[in-house]
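To start, the structure itself, in structure tokens.
The values are calculated or read from the model by the stated rules, or taken from the named source; none is laboratory data. Every value quoted in this text rests on a predicted model; they were computed, and no experiment measured them. Quick reminder, even Gly has a Cβ in these numbers, built from the backbone with ideal geometry, and neighbours come from all protein chains shown.
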Amino acid sequence: MIRVPIPGPKAQRIIQADEASMATTTKTSPIVAESALGVWVTDVDGNRLLDFAAGISVLNVGHSHPAVVQAVREQAGRLSHFAGTDFYYENQTRLAERLAAIAPGSHAKKVFYTNSGTESAEAALKLARWNRQRPLTVGLLGAFHGRTLGALTMTTSKPVQRSRFNAYTGGGQHIPAPYCYRCPYKLEYPSCDLHCAKILKELYFETSIPPDDVAAFIAEPVMGEGGYIVPPKGWHAAIKSILDEHGILFIDDEVQSGIGRTGYWFAIEHHGIVPDIVTTAKALGSGLPIGAIIFRADLDYTKSGAHSNTFGGNLVAVAGALATLDVIEREHVLQNTRTQGAYLQTRLRELQVKYEEIGDVRGLGLMVATEFVTSRTTQEPAVRLRDRILQESYRRGLILLPCGRSSIRYIPPLIIQREEIDEGVEILDAAIQAARAR
Ligand SMILES: Cc1ncc(COP(=O)(O)O)c(C=O)c1O
């Protein structure tokens, strides 16, 4: 329910102060939150908004889930930090065991805790390089793995992320992404015979990338910031078998797609391969900063001090993570994600029939996007229209985020119900109409 136009008077004051004192980052909408519960956010001027952004795929069990709040409160009152990299605390081990149990594959696994997605990428890249003692990592053009320098080496979703930093990133190689809607080879699935996977071996490993120099290949199971691109069936398996020929490790970046977002604990389960290293963060702590890498136990460091940190596995964050996993299990959140995700895609496809500018609807579970184009024939990205739709949406009480060049992602908390999806899609429909008319 919108009571005053966004940004309201209180919000405007806070935004002004923010602009004066905070670094420039990636702000997209002038929404200033006051509190939130479940899928609803209340802003500082008393507006109530439906959240289809979930803090960038973080609040998977919804805002302020009572079980998470209680676990966090209790832990904060008992012991908040003890430096688990140097000492011991039982809950860290319990969470590690649970992560190992839900991560793909029945092999023995170990866990290293981080504080963010980018730190998980760093940890994964370092572990791979330490083990293989090879200098290169291969990834996908359009991928996002974080912004610290190691992770940035593999991030290529927008030029602005690398501009002026290129000189400090090293050892990254990239191949075109398996982006069927805009196939870089102008082929069609399945007659393409997965050319976009085979090219790694047939062209790159024969020319610019010596496979014996490659420690790891890193990819997201659904490319997130790059536009919610879902690789075609069989792509992961084809890539994995090429990597196996050369002893190259597969890093599965589940920072955005993991912890139930696609209806499975980890999205790679849709693709049927078992990665060597899995990265996670975002939704793991329901808003508390915690990430982890879950890796083959035989890859563990054999020297103390090769890698560590201070806050990894912070006890309050670990309590939040354990409670989050409990909620997902107890409330059958994975099942709900599959059901509501299918429903959301159906509703978005209805809009696609109505609006020529929706070129593509894609995604897995509740990790869904629509790509906007000026015409379905030319597929020219409709960037300005997409931006206007985002604006018209929050004005009507729907929080959304962009991704890729001209896409909008729909990533509500996974506890969302059908009526709330209907409400969101109705607002979106009105927003598209208003944006087209401008
Ligand atoms: C797939 C993926 N990896 C890594 C990151 C980096 O995470 P963080 O922003 O927590 O550093 C993100 C963030 O959006 C992501 O989507």
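Brief remarks on what is shown
- Among residues of region 117-130 that are near the ligand (Cβ under 10 Å from one of its atoms), those with a beta-carbon under 7 Å from a residue that is part of a helix (DSSP H, G or I) at least six positions away or on a different chain give the pairs GLY117/LYS282; THR118/ALA151; ALA121/GLY150; ALA121/ALA151; GLU122/GLY150; GLU122/ALA151.
- Test: residue in region 416-427 that is free of Cβ contacts under 8 Å to residues at least 40 places away in the same chain and part of a helix (DSSP H, G or I): yes
- Exclusive hit being surrounded by fewer than 20 Cβ atoms within 10 Å (Cβ to Cβ) and within 27 Å of PRO30 (Cβ to Cβ), set ARG349, ARG388: ARG388
- Residue in region 269-281 that is in contact (Cβ under 8 Å) with a residue 40 or more places away in the chain and closer than 21 Å to GLN75 by Cα present: yes
- SER241, sole failed condition from (1) surrounded by fewer than 16 Cβ atoms within 10 Å (Cβ to Cβ); (2) in contact (Cβ under 8 Å) with a residue 40 or more places away in the chain: (2)
- In the set (1) over 23 Å from GLU254 (Cβ atoms); (2) free of Cβ contacts under 8 Å to residues at least 40 places away in the same chain; (3) within 16 Å of the ligand (Cβ to nearest atom); (4) not small (Gly, Ala, Ser), the condition left unmet by VAL32 is number (3).
- Pick from region 224-276, criterion away from the ligand (no atom under 13 Å from the Cβ) and in a strand (DSSP E or B), ranking: nearest to VAL333 (Cα to Cα): PHE250
- Highlighted here are the helices (runs of 4 or more DSSP H) found entirely within region 1-120 that include at least 1 residues which are touching a strand residue (DSSP E or B) at 6+ places or on another chain (Cβ under 9 Å) and modelled with pLDDT of 95 or more: 9-21, 54-57, 90-102.
- Looking across region 359-373 at every residue that is more than 18 Å from the chain's Cα centre (by Cα) and in contact (Cβ under 8 Å) with a residue 60 or more places away in the chain, the one that is nearest to SER57 (Cα to Cα) is identified as ASP360.
- Among the candidates GLY397, GLY424, GLY341, residue that is within 25 Å of the chain's Cα centre (by Cα) and closer than 28 Å to LYS233 by Cβ: GLY341
- Figure legend. Inter-residue proximity from region 132-150: first residues in a helix (DSSP H, G or I), second residues at pLDDT below 95 and of a type in the set (Phe, Trp, Tyr), beta-carbon distance below 6 Å, spacing 6+ or different chains. Indicated pairs: LEU149/TYR168.
- Qualifying residue in region 311-318 (condition: assigned by TED's automatic domain parsing to the domain that holds HIS236 and on the phi > 0 side of the Ramachandran plot): yes
- Restricting ALA128, ALA167 to residues that are modelled with pLDDT under 95, closer than 21 Å to SER208 by Cα and assigned to a helix (DSSP H, G or I) narrows the list to ALA167.
- Taking the conditions (1) more than 16 Å from the ligand (Cβ to nearest atom); (2) among the aromatic types (Phe, Trp, Tyr); (3) crowded, with 20+ Cβ neighbours inside 10 Å in turn, PHE112 satisfies each one other than (1).
- When residues in region 131-151 are screened for being in contact with a His (Cβ under 8 Å, 6 or more places away or on another chain) and within 10 Å of the ligand (Cβ to nearest atom), 2 of them pass.
- One residue alone among ILE56, ILE102 is β-branched (Val, Ile, Thr), under 27 Å from the mean Cα position of the chain (by Cα) and in the same structural domain as LYS126 (by TED's automatic domain parsing), and that residue is ILE102.
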